[in-house]
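Here it is, the structure, as structure tokens.
The values are calculated or read from the model by the stated rules, or taken from the named source; none is laboratory data. On a predicted model such as this, the values are computed, not experimentally measured, just so you know. Every residue, glycine as well, gets a Cβ built from its backbone with ideal geometry; the counts of neighbours run over all protein chains shown. SASA here: full protein model, heavy atoms, side chains in, ligands and nucleic acids out. Shrake-Rupley method; radii C 1.70, N 1.55, O 1.52, S 1.80 Å.
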Amino acid sequence: IVGPSGCGKSTLLNVAAGLLVPTSGRVIAGSAELAGLNRRATYLFQQDALLPWKNVRDNVTLGLTLAGVGRTEACRRADAWLARVGLTTFAAHYPAQLSGGMRKRVAMAQHWIIDRELLLMDEPFSALDVHTRQRMESELLGLWEGSERSTDRVAPHDRKTVLFVTHDLEEAITLADEVVVLSAGPASRIVARHPVTLDRPRDVMELRTTPAFIDLYRTVWGVLRSEVVKSQMNAEVRRG
């Protein structure tokens, strides 16, 4: 999901998570109307929610522990996920001892290990430098497609649904199967939906230079740019 600042992208995620009740319409999770928190989803915010007094392994096991999984089994699963995100040797470290990119990998493992159907992501990589950000995008694609370290690949029908909010159009196209563009607020609405038919698996480092990527970027940016301009004009009017 992309759109101008203040158009309601994060609000949509909060509604999908069941943290906000929509003022009109309904939210359908699976085949049922959502009432209360969405138990099918996990939510990865812009700022990670790692507990500073717990080490990496204990942060990753947190969701399993709260769900009643025994300590031994929770640690076994956590260690498997730490191996998948390349953090096995940092299992006993604390969040303050990690880089920003490492903290994001811990947060992704923390959410993926719970194995929910839907992963909500609200600009999770926006605070990272460009190189670390690309590394995290690659990590996310690798987790979604199935670990490169495993001989097993995840079948397309078993992959999680990821609802991803970003201000970065390049990031949206790189990751997505579909880019949804929201209009400038107030009363924001969907103004365009663009399918992304670029081949998978995708090389984050090389994809942005391909003609197909550039053509799609120009098409989506043509729509998004006009909404950004409208948003800026509306802000100027409100300032008087």
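So, Val27, is that one open to solvent by less than 80 Å² (accessible area, probe 1.4 Å), farther than 27 Å from Ser138 by Cα, in contact with a Ser or Thr (Cβ under 9 Å, 6 or more places away or on another chain) and among the aliphatic types (A, V, I, L, M) or not?
no
Still on this structure, I have one more. Answer with yes or no whether Thr42 is open to solvent by less than 50 Å² (accessible area, probe 1.4 Å) and in contact with a Cys (Cβ under 9 Å, 6 or more places away or on another chain).
no
Same structure, new question: Within the range 75-89, is even one residue within 26 Å of Arg208 (Cβ to Cβ) and open to solvent by 20 Å² or more (accessible area, probe 1.4 Å)?
yes
Ala49 passes all but one of (1) of a type in the set (Gly, Ala, Ser); (2) closer than 27 Å to Leu13 by Cβ; (3) open to solvent by less than 40 Å² (accessible area, probe 1.4 Å); which number fails?
(3)
Hey, does the range 189-201 have a residue that's part of a helix (DSSP H, G or I) and either open to solvent by less than 50 Å² (accessible area, probe 1.4 Å) or closer than 17 Å to Gly8 by Cα (or both)?
No, every residue in the range 189-201 fails to be part of a helix (DSSP H, G or I) and either open to solvent by less than 50 Å² (accessible area, probe 1.4 Å) or closer than 17 Å to Gly8 by Cα (or both).
Just one of (1) outside any helix (DSSP H, G or I); (2) within 25 Å of Ile1 (Cβ to Cβ); (3) not hydrophobic (A, V, I, L, M, F, W, C) trips up Gly101, so point out which.
(1)
Mind listing whichever residues of the range 70-81 are closer than 17 Å to Arg116 by Cβ and out of contact with any Ser or Thr (no Cβ under 8 Å at 6 or more places or on another chain)?
Listed by number, the list holds a single entry, Trp81.
Working only within the range 202-213, note down all residues that are in a helix (DSSP H, G or I), surrounded by 12 or more Cβ atoms within 10 Å (Cβ to Cβ) and without any contact (Cβ under 8 Å) to a residue 40 or more places away in the chain.
Leu207, Ala212
Another question, if that's okay. Here is a list: Thr132, Thr89. Which entry is among the hydroxyl-bearing types (Ser, Thr, Tyr), modelled with pLDDT of 90 or more and in a helix (DSSP H, G or I)?
The unique qualifying residue is Thr89.
Between Leu12, Leu82, Leu64, which is assigned to a helix (DSSP H, G or I), touching a residue at least 24 places away in the same chain (Cβ under 8 Å) and over 25 Å from Gly101 (Cβ atoms)?
Step by step, each of Leu12, Leu82, Leu64 is checked, and only Leu12 is assigned to a helix (DSSP H, G or I), touching a residue at least 24 places away in the same chain (Cβ under 8 Å) and over 25 Å from Gly101 (Cβ atoms).
Which residues, counting only those in the range 104-129, are assigned to a loop (DSSP other than H, G, I, E, B), within 15 Å of the chain's Cα centre (by Cα) and either aromatic (Phe, Trp, Tyr) or under 22 Å from Glu171 (Cβ atoms) (or both)?
Within the range 104-129, Glu123, Pro124, Phe125, Ser126, Ala127, Leu128 qualify.
Now, a different point. Got at least one residue in the range 46-55 being of a type in the set (Phe, Trp, Tyr) and either closer than 20 Å to Phe125 by Cβ or in contact with a Lys or Arg (Cβ under 9 Å, 6 or more places away or on another chain) (or both)?
No: the range 46-55 contains no residue that is of a type in the set (Phe, Trp, Tyr) and either closer than 20 Å to Phe125 by Cβ or in contact with a Lys or Arg (Cβ under 9 Å, 6 or more places away or on another chain) (or both).
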